[in-house]
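Participant: Could you have a look at this structure, given as structure tokens, before my questions?
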Amino acid sequence: EEDSEDDNYVSDSSDDEDKRPPEQFDLSSSTTIMLPPRNYTLVHEDGRLHKRDNFTPMSFGMQRIHNNAAPEPVWVQTQNARWMQGTTEVVVIAHTVPRDQMRAALLDVQLAPRQVHVASRATGQVFLHGELEERIDPRTSTWLTDGTHVTMTLVKANLQIYDAGKKGTAADTHWHRLLTTDQCALHAETQP
């Protein structure tokens, strides 16, 4: 039997319905680029799919943009979190927390300079845990629940702007992913 391309596809995701074949973009008549499957989607704050998620690059990965109004905020949704960033903070929604656990007394939320942790106090079930892409200031970062969402506002430490070795393009405050285990979100942007 011959192996087909689909048989060679390996996904890091454990959910069968979330498996996607590698994206293919035909940039010219003779060149096709195979990209690995994404483990994130671009969404609105409420989780609806954003129109920017269906992104087809032009030459050199460029994108055509026409804006008559202010652009809609783009959130990046991974398996355990939905997040958006500004220049000084990252707003994270732990969307996997069950509605019956959406009370502060029932949750164990811990924020550390390079780590975030959201779990149930009663059962110990972990809803979000991982090492952050960059450092935050846990003393000024906050979290809250309104009964429908658990939202964390993580204040960026932004220490890279003081690092002489990171002067230039790497000295900005943009995070390419929330957690170090996440795939880089290529199409996300910093909101003003």
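The values are calculated or read from the model by the stated rules, or taken from the named source; none is laboratory data. The structure presented is a predicted model; accordingly, all values stated were derived computationally and were not measured. In case anyone asks, the SASA skips ligands and DNA or RNA and just uses the protein heavy atoms, side chains included. Shrake-Rupley method; radii C 1.70, N 1.55, O 1.52, S 1.80 Å.
Participant: Counting only residues 5 or more places away or on other chains, whose amide H sits under 5 Å from the amide H of Val116 once H atoms are built in the peptide plane?
Facilitator: Gly130, Leu132
Participant: What percent does the relative contact order of segment 108-157 come to when contacts are Cα pairs within less than 8 Å and at least six residues apart?
Facilitator: Worked out over segment 108-157, it gives 29 percent.
Participant: Skipping prolines and chain starts, which residues have an amide H placed within reach, meaning under 5 Å, of the one on Val150, given they are 5 or more residues away or on another chain?
Facilitator: Ala94
Participant: To the nearest 10 Å², what's Lys156's accessible area with a 1.4 Å probe?
Facilitator: Accessible area, nearest 10 Å²: 10 Å².
Participant: Calculate one ³J(HN,Hα) per residue across segment 43-51 by plugging θ = phi - 60° into the Karplus curve 6.51 cos²θ - 1.76 cosθ + 1.60, and present them in order as whole Hz with x for glycine and proline.
Facilitator: 9, 7, 4, 7, x, 5, 4, 8, 4
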